[in-house]
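Participant: Just dropping this structure here.
Derivation of every value follows stated rules applied to the coordinates shown; laboratory data play no part. Since this is a predicted model, take the numbers as computed values, not measurements. Here the Cβ is made from the backbone with ideal geometry for all residues, glycine too, and neighbour counts use every protein chain on show.
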């Protein structure tokens, strides 16, 4: 077995076990969408904040790179873009 196949099995197998275990615990739609009303406002707020920050950083850096490409017109990335974070 190659290293790639071994890494795939070692990653996919625990994920499949976790998926089956969690699928057996969920009985209703409320348990799926609202975690069975077991978590309070702080934990829900942290989850929503994490989702927002993850999406914002992904879309923000994508937009920043696109803006940089449009500004430079020759579609070349400035060498100090990722090191310094400057646009101009």
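Participant: Of the conditions (1) surrounded by 10 or more Cβ atoms within 10 Å (Cβ to Cβ); (2) in a helix (DSSP H, G or I), residue 21 fails just one. Which one is it?
Facilitator: Unmet for residue 21, out of (1) surrounded by 10 or more Cβ atoms within 10 Å (Cβ to Cβ); (2) in a helix (DSSP H, G or I): (1).
Participant: Return the pair list, or none, for Cβ contacts closer than 8 Å from residues in region 26-38 that are within 16 Å of residue 48 (Cα to Cα) to residues that are in a helix (DSSP H, G or I), at least 6 apart or on different chains.
Facilitator: Every condition considered, the pairs that remain are 37/30.
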